[in-house]
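Okay, here's the structure, questions in a sec.
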């Protein structure tokens, strides 16, 4: 029996397709071929405000445009997050999306003194797929993949999503067709494995 997989496309530019979209398509094709159930969310097509206060995050209502997204998070057994590295981190719109959907009472429960009491999204795994202009080895070893590690620990891990694996793809603007095809094949294989 297949897994329930949610693909989250975090590229903020919905006006054109990028390599991250092709990677998500390859993953989806592999997953569909293996019989997994898929849902996809293209964050750039959703209209929602950024949160501006702790009170708004804790007590404000979820924007209607994100209700289906939150239900898809609840439905999923495996998440795959795709985004480009911008100024060393995920794009602001994608971070804003995660802040909106990972609200208290949904992503975690517990009293205000101990938000670690109950993680609301346990039983789910994830893969983070990040594209970047710099060599991935430089990002991983020199910069210590700080933003990806923060995402894994401070967002995904905080709400109970584990294990989290990563795929870092560097020099995307300089990839040859052969190298790009290798990455697409790799993502299709990961999709088949729901990994």
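The numbers here are math on the coordinates, done by the rules we state, and not lab data. Computed from a predicted structure; not experimentally measured. All Cβ positions, even for glycine, are placed from backbone atoms using ideal geometry, and neighbour counts span all protein chains on display.
Anything in segment 1-23 that is free of Cβ contacts under 8 Å to residues at least 60 places away in the same chain and closer than 23 Å to residue 121 by Cβ? List them, or say none.
The one that is free of Cβ contacts under 8 Å to residues at least 60 places away in the same chain and closer than 23 Å to residue 121 by Cβ: 1.
Assess whether residue 193 counts as being closer than 26 Å to residue 3 by Cβ and in contact with a strand residue (DSSP E or B) (Cβ under 8 Å, 6 or more places away or on another chain). I'd like the intermediate steps shown before the answer.
Numbers: closer than 26 Å to residue 3 by Cβ: yes; in contact with a strand residue (DSSP E or B) (Cβ under 8 Å, 6 or more places away or on another chain): no.
No; evaluated as a whole, the condition is false for this residue.
Follow-up question, since we're still on this one. Quick check: is even one residue across segment 104-111 crowded, with 17+ Cβ neighbours inside 10 Å and in contact with a strand residue (DSSP E or B) (Cβ under 6 Å, 6 or more places away or on another chain)?
First pass over segment 104-111, keeping only residues crowded, with 17+ Cβ neighbours inside 10 Å: 107-108.
When the remaining residues are screened for being in contact with a strand residue (DSSP E or B) (Cβ under 6 Å, 6 or more places away or on another chain), the result is 108.
Within segment 104-111 (the criterion being crowded, with 17+ Cβ neighbours inside 10 Å and in contact with a strand residue (DSSP E or B) (Cβ under 6 Å, 6 or more places away or on another chain)), the answer is yes, since at least one residue qualifies.
Output the number of residues of segment 85-97 satisfying the condition of being in contact with a helix residue (DSSP H, G or I) (Cβ under 9 Å, 6 or more places away or on another chain) and surrounded by fewer than 21 Cβ atoms within 10 Å (Cβ to Cβ). Walk me through how you get there before you give the answer.
Here is the first cut: in segment 85-97, the residues in contact with a helix residue (DSSP H, G or I) (Cβ under 9 Å, 6 or more places away or on another chain) are 85-86, 88-91, 93-97.
Those left that are additionally surrounded by fewer than 21 Cβ atoms within 10 Å (Cβ to Cβ): 86, 88-89, 91, 93, 95-96.
Of the residues in that region, 7 qualify.
Looking only at segment 11-39, which residues are out of contact with any helix residue (DSSP H, G or I) (no Cβ under 7 Å at 6 or more places or on another chain) and closer than 16 Å to residue 81 by Cβ? Working first, answer last.
Residues of segment 11-39 out of contact with any helix residue (DSSP H, G or I) (no Cβ under 7 Å at 6 or more places or on another chain): 15-18, 20-21, 24-25, 32, 35-37.
Once the filter is applied, which keeps residues that are out of contact with any helix residue (DSSP H, G or I) (no Cβ under 7 Å at 6 or more places or on another chain) and closer than 16 Å to residue 81 by Cβ, segment 11-39 yields 18, 20, 21, 24, 25.
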